[in-house]
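Below is one structure; the comments refer to it alone.
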Amino acid sequence: KPGGDEQARPLLKVSTSEIKHEGNQVHIPIWADAQFNLIAAQAGFRFDPALLSLKAVVPNPDLDILDHNFNTNSSAEGEVRFAWSSMDGQTPLPMKGLLFTLQFEVKENLELPSGPLVWTSEDILKSLVYQEEGTEHPLRLNWEETGRESFSSLGLVVSPNPFEERMTAFIFAKNTVKASIWLSDGKRFISQKTVELKSGENTVELQTAATMQPGVYFLNIEADGQRLQRRVVKM
């Protein structure tokens, strides 16, 4: 309902048990999980372009969906923009059904991380759903942790990579939590900082020292007993 607890009632859902990963292909179904019928929606999604390459956004063929992706998806930057509505603009979509599937290719057969592979980002596109009478509701994506022995509630994308002196860490956190972020060369710490993460996407700007030599480094994040690491390259 309008003004309700957004965190308690997410409106899009990914079930980890339904993700298909075969060879270098990954299919991620996105489900509507609203307590009302959707008449239209829009959302921006972020993924790690160092790991995944976007191949297609496929609407559920069984639904009367008019597909708009604005022709502004930027796979190189890890961004997806997508909007959908019924063909006639008036017929509501089912309350709890598959909306579309994100199809990716894993680069160089890299191993998938245990955390979320994609999440909504307000920096890319404001995420909203609409009821039949036009009421707007904030939209977020929730990962349902089923069918996996261990699942991290953190996601991490680093951009640009390679970088010169600055880089941005886009961090997804399922819950509000304090996190430690550090850069290392594999043997020693280069820099370290502590940040407070909110539920959803967080943006952390990182400045490296001018004396830091070009080469391969590792950006690490640890929060709530979980740790993620990304390989980064300084030019």
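The values are calculated or read from the model by the stated rules, or taken from the named source; none is laboratory data. These figures come from a predicted structure and were not determined experimentally. All Cβ positions, glycine included, derive from the backbone under ideal geometry; neighbour counts span all protein chains shown. The accessibility values were calculated without ligands, DNA or RNA, using every heavy atom of the protein model including side chains. Shrake-Rupley method; radii C 1.70, N 1.55, O 1.52, S 1.80 Å.
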*Matching entry among Gln213, Gln226 (being in contact (Cβ under 8 Å) with a residue 12 or more places away in the chain and either basic (Lys, Arg) or loosely packed, with under 11 Cβ neighbours inside 10 Å (or both))*: Gln213
*Within the stretch 116-146, track down each residue that is open to solvent by 80 Å² or more (accessible area, probe 1.4 Å) and either farther than 13 Å from Ala41 by Cβ or part of a loop (DSSP other than H, G, I, E, B) (or both).*
Glu122, Asp123, Lys126, Glu132, Glu133, Glu145
*Pick from the stretch 73-115 the residues that are part of a loop (DSSP other than H, G, I, E, B) and within 12 Å of the chain's Cα centre (by Cα): which of them is surrounded by the fewest Cβ atoms within 10 Å (Cβ to Cβ)?*
Gly115
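Looking at Ala169, Ala179, Ala173, which one is in contact (Cβ under 8 Å) with a residue 24 or more places away in the chain and farther than 30 Å from Thr72 by Cα? If you could, list the steps in order and put the result at the bottom.
Values: Ala169 fails: farther than 30 Å from Thr72 by Cα; Ala173 fails: farther than 30 Å from Thr72 by Cα.
The unique qualifying residue is Ala179.
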*asked:* List the residue pairs whose Cβ atoms are under 9 Å apart, where the first residue sits in the stretch 50-65 and is closer than 12 Å to Ser86 by Cα, the second is open to solvent by 40 Å² or more (accessible area, probe 1.4 Å) and outside any strand (DSSP E or B), and the two are 6 or more positions apart or on different chains.
replied: Leu63/Pro94; Asp64/Met87; Asp64/Asp88; Asp64/Thr91; Ile65/Met87
*With a cut-off of at least 1 residues that are within 17 Å of Gly155 (Cβ to Cβ) and among the small types (Gly, Ala, Ser), name the strands (runs of 3 or more DSSP E) lying wholly within the stretch 192-235.*
200-207, 215-223
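Can you find a residue that is farther than 27 Å from Met235 by Cβ and of a type in the set (Gly, Ala, Ser) anywhere in the stretch 120-134? Reasoning before the result, please.
Filtering the stretch 120-134 down to residues farther than 27 Å from Met235 by Cβ leaves 120, 122, 125-134.
Of the ones still in play, those that are also of a type in the set (Gly, Ala, Ser) are 127, 134.
Yes, there is a match, as at least one residue in the stretch 120-134 is farther than 27 Å from Met235 by Cβ and of a type in the set (Gly, Ala, Ser).
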_Kindly evaluate Glu111 against the criterion of being closer than 21 Å to His27 by Cβ and among the charged types (D, E, K, R)._
yes
*Restricting the first residue to the stretch 12-29 and requiring it to be touching a residue at least 60 places away in the same chain (Cβ under 8 Å), which pairs with a second residue that is aliphatic (A, V, I, L, M) and open to solvent by 20 Å² or more (accessible area, probe 1.4 Å) meet a Cβ separation below 8 Å and a spacing of at least six or different chains?*
His21/Leu112; Val26/Ile19; Val26/Leu112; His27/Ile19; Ile28/Ile19; Pro29/Ile19; Pro29/Leu98
*Unmet requirement for Gly186, which otherwise passes all of (1) more than 28 Å from Val80 (Cα to Cα); (2) assigned to a strand (DSSP E or B)*: (2)
